[in-house]
Structures are given as structure tokens and as C-alpha cells.
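In what follows, a structure is listed as C-alpha cells, so that the remarks can point back to it.
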Amino acid sequence: GCVLVVSVIEQLAQWHNSTVKAAVERLCNYIPGKYQVMCHMLCCIAREMNADVVCHSLKLCKQDPGQPLCHLYPPPKVHHLCELMHPSFFFIFLPLQESFMGFSSICTFPLLANLCEKIKYVIRNKLPFEDFDGDKFSTFPTLRGYHWRGRDCNDKNTTVYPGRRPDNWDAKSDSNCNGIWGVDPKDGIPYEEKFCKGAGSRGVVLLGDSAGAHFHIPPEWMTVAEMSAKSFANLPMAFSDELDWPQFSEITGFLNSTIGGWTDSLYLRLRKRNRCNHRDLQNISQNVYFHINIAAYLSFSLARNQLLDNPAIVIYATIGNDVCNGNRDTLAHMTTPKEMLSNVMQALRYLDSRLPNGSHVILTGLVDGRFLWDNLHDRYHPLGQLNKDVTYSQIYSFLDCLQVSPCSGWLTPNETLRNLTSERALQLSNVLKEIARSEKFTNFDIFYMDFPLRQTAEEWRKMGGEPWQLIEPVDGFHPSQIAAALGTSITWQKALHEWPQVLGKENPFNDQIEAIFKDQGGH
């Protein structure tokens, strides 16, 4: 974190031909007001020092005994390091060090301790921070609110939430938050009964990792040539959504993308197919750098009542975390086929106890992550575009040295290790494929599909794009907004032709529903 921040400040000074102090002030003016608390402490960086030197000198980066010296830029000359050991240097940089350390220990303050614990609980269990009635749905967008789940339309009534079957056909109020309620004055029939009865309403639930949550760090945060106050306008929202953008994601996206590309999602297509599905979505995904046992947190996170709610389409898509970790001995920390079978079956048995009858589960295979190195390693990272000095290969090596690589097995120059990682990913995908072929459940049928990376890349080439554009530019690891939108189209076409029962039938009353909404000034 220190290396990234200091790099941006130094490049801002270079781009605007200013002092570092002026660059800090410029950056502070870009950042929204309440996030400027630490910003003005960054006051004493010298132009000739690279970011590694500054951060090691502050002890924010360190070299443990027996470990290599981690650096993003070429190591400085010896005499430069000696100068930095002078006591006056540490005195000058003390405010910067204290600002970083103070930020990391903010939760030790008594007034903030409870708040921090609640935020940790929310993130750990994938539940809304603001949920007054405890039904796992919220009227607040971020902190696991309606960016992640359908928006609650009454946060004071635990029996009102997206995805439930209508209460008395919603003649008096909207119990399922799909916006369809009341009685048609022409014939006395409730609108929900008239338009949604027998329509096969269903929701969509994603059980995923950081790719499903749609992790994204805006490249304009690190590209000084594009940097302005507008670049950081979305910073508060991004932080309170854990740097995820589920509202634009492949499975549960519902808003027009503001991060490039366009939004196309399974939820939007289901909603278009049947307007009664409005707001019935849940994105239960998690940013982690190790394999996740979804069954372990599913019981806290899933909001589905087997007796009261509509069926759901559940997408099980942990496309990389079972083989991705930042450990030096990365192969030893990957999920084994035996563990994969146990974890997935545990999750599926829990789903069978909670999902309404008539639901569907789709298991998605793991991605072949060799695509990342092959298409990015010799390209310049956003941090390296100004001076042509930082490639993705250098970023990957830096993160691997720090043992925080999102995937040591794929983000490496070691071709043998990349191949072994893909071999394990294929083994785990075959476990999922066999489960879908052989296992039967009471309340849902189950299907398998490969992660459509190859088809996505082919489709993008036909549109005139290049493969590297399908990868997030800052982390060099996750699928980009373009990849998410194209993946939706491919998944939908497969389901339409091979599993039409999963998607349900087209609602013939969609146009009438929309017309009534417009007449009533609804949304």
C-alpha cells in the first residue's frame, strides 16, 4: 500500500513538474473530504527517492531474516541507503509513519471498537450492515446492502423482502418488493395474481469468490495522466463495498456500468424474461486469497425460506480460489480433489435443506489462469505507463515476494508451476462435473458448465478487442467489466439451448406491467 501511494505521489510531481509537496496537495484535493485525514501527513518525500526506499525507511516495508528484499523498482545505490539511515531522516518521516500506523490501529479506539466489530461481522458473514428488521435485505446500498441483494421495500417488517411468494397476492401491499401490488379496478383481480400467477418466478443467487463479487480498483486512481477529482468521486462507495462492484457483475449486476464496458447479467436477463423477478437477487461472494468452504458461511448468508419463497437459480462459481494463494509452497496449499468433493457436497446438502422445490444449481468450473501471464506479463501496469518502468511481471514478482500474491501458481514466470496450477484446476473442475452427473437432490436439479474464458476471448476478438482487455488492469488477475458482460451472454445462450427449464418461460404480461408502472409513475 505504501509503495503504491508513494509511487503515485512521485509520478504526480513528475507529470505536473512540481515539488512533491505540491503533488501531495494536488492528490489531497482530488480525494473526497472525509478521506483527507491522513493525506496531508504525506509531506516529506524527496523526488530522487523511489517508493521502495521511502517505504522501507519508514519500516512499513521490511525484510525479515532469511527472506529476500522485496522491491518494485530497481534497488538504490548503497550510499543512498546510508543517507537514509541518518536520524534526521526518520524524524522528518515520522508524521507519515504515524499516519499509516494510526490508520491501521483505528479500531483500538473505544468509541470505534464496536463499530469495527460490526463491520467485521458483516464482511465475514456477507450480511447487510444496515438491516433493521433482520431479514438479510437492506435499503442501504453499500456495506453488503442492496448492491449485493435485492433492495428491501420495508425494512421494518421481517415478512417483507425480495423473493418471497406474495402474501394474499399482494392485494394491499408489496410483500415481495417486485413493485407489483394492488388490485385492478376494472375486474377486482390483484395485479400480482393477474400478471405473475403461474409465471414461474425465480431468483438468482451467486455463491462465489472475488471474481463473482466483481473486484475492481479503478486504474485512474493510479494513472496520473488521467487523474482528477472526478477520478476519486467513487472512492467512498468503493471502500464500503470492499472494492467490489456487484451492482455491475456478471450474475447479479443491475445498474449501468460506470467502470467501463457495459452491464449484462443473468439477473437482468431473468428480469427481462419475467418482470415478476424484479429485485430477486443475492450475491454471496467473498474476497479471499485462500480456498473457501462455502458451506461454512452459507448458513449465515443465504436468505431463502423453503416454504415461503420462490425457487432460485444458484450459481456456484469459485473459479480460482481453490488453487490460488500467496504461499511460497503454493501447490501444498491448494484444495485437493478430495477436499473439493467434501466442501461442495456439504454446501449442496445445505442448499437442499433450504431451497424451495423446483430450484436449480449450476456448478461452474475453474478458469485456466495461464491466460493471465500469457497476455499481460510484458505489458506495462498503470503504475508503469508514465515512465515505462513497471510491467505486470514486476508487479507479480513484487506481490509474490511479499507473499500477498492473489495467485502464486499462475502469476509467475515459472511455466512449470503455471502448468501444474492449471492441471489442479482441471482436476477440481472434473470433481464438479462428476457431482453434476451423478448426484441427485430433492429440491433442485444440478448442472455443470466450464468457465467460458475461451469463448469469451473469441467473441471479444470478433468485436475487434484484444485478450488483455478482458483482465482487470490494476490487479492483473480478475475478469474485467467487458469479460463479465460477454460471459453473461455465453452462459445465457448455453442455458437457453441446453437447460431451458432453468430460465423459465417468458412472461406474456411484461409489457402490461411496464405500462402500468409508467402510468402510475413507478420505477
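Of note:
- The accessible area of residue 497, taken with all protein chains in place and a 1.4 Å probe, comes to roughly 140 Å².
- In the chain, the longest principal axis of the Cα atoms and the axis of helix 453-462 are about 80 degrees apart.
- Using the Cβ-Cβ distance between residue 59 and residue 454 with R0 set to 41 Å, the FRET efficiency works out to roughly 0.35.
- Taking amide H as placed 1.01 Å from N in the peptide plane, the amide H of residue 314 sits under 5 Å from that of 205, 360, 361, 362, each at least 5 places away or on another chain.
- Residue 300 - accessible surface, heavy atoms, 1.4 Å probe, Å² rounded to 10: 100
- Where both bridge residues fall in the chain, DSSP classifies roughly 20% of the beta bridges as antiparallel.
- Under 5 Å, built H, 5+ apart or other chain: amide partners of residue 285: 208
- The chain, relative contact order [Cα under 8 Å, separation at least 6], %: 14
- Residue 130 versus residue 159: modelled label distance in nm, points set 7 Å from Cα along the beta carbon direction: 2.6
- Summed over qualifying helices (DSSP H, 4 residues or more, each -39500 (n - 2.57)) and divided by its residue number, the chain shows a 222 nm mean residue ellipticity of -12000 deg cm²/dmol.
- Taking all protein chains as shown and a probe of 1.4 angstrom, residue 139 keeps an accessible surface of around 50 Å².
- Per residue accessible area in Å² of the chain, where ligands, DNA and RNA are left out and the probe is 1.4 Å: 46
- Greater than 27 Å apart at Cα, pairs in 126/172; 172/518; 194/505: 126/172
- Ranked by how many other beta carbons lie within 10 Å on average, peptides 337-344, 396-403 from highest: 396-403, 337-344
- Other-chain or far-sequence residues with amide H under 5 Å of residue 309's (modelled H): 165
- Share of pairwise Cα-Cα distances greater than 37 Å in the chain is 36 percent (whole percent).
- Accessible surface of the range 203-510, 1.4 Å probe: 54 percent of it comes from carbon and sulfur atoms.
- Estimated FRET transfer efficiency (residue 139, residue 433; beta-carbon r; R0 41 Å; 0.05): 0.50
- Pairwise label distance in nanometres, residue 505 with residue 114, each label 7 Å out on the Cα-Cβ vector: 5.4
- Above-threshold pairs, the threshold being 31 Å between Cα atoms, out of 136/440; 197/433; 120/433: 197/433; 120/433
- Working note: Karplus 6.51/-1.76/1.60 with θ = phi - 60° gives the range 495-509 the couplings 5, 4, 8, 9, 9, x, 5, 5, 7, x, 8, 6, 7, x, 9 Hz, where Gly and Pro are set to x.
- Counting only protein chain heavy atoms and rolling a 1.4 Å probe, the accessible areas of 272, 156 rank, largest first, as 156, 272.
- Estimated dipole of the chain in Debye, rounded to 20 [Cβ of Lys and Arg +1, of Asp and Glu -1, Cα centre]: 480
- For the set 195, 441, solvent exposure ranked by accessible area (probe 1.4 Å, protein chains only) runs largest to smallest as 441, 195.
- In the range 184-233, the trypsin sites (Lys or Arg not before Pro) that fall in loop regions by DSSP, at most 16 other Cβ within 10 Å: 186, 197
- Filtered trypsin sites (Lys or Arg not before Pro), the range 443-523: DSSP coil and at most 12 other beta carbons within 10 Å: 505
The values are calculated or read from the model by the stated rules, or taken from the named source; none is laboratory data. Being a predicted model, the structure only gives us computed values, none of them experimental. FYI the Cβ positions are ideal-geometry reconstructions off the backbone, even for glycines, and counts take in every protein chain you see. Keep in mind that these areas ignore ligands, DNA and RNA; they rest on the heavy atoms of the full protein, side chains included. Shrake-Rupley method; radii C 1.70, N 1.55, O 1.52, S 1.80 Å.
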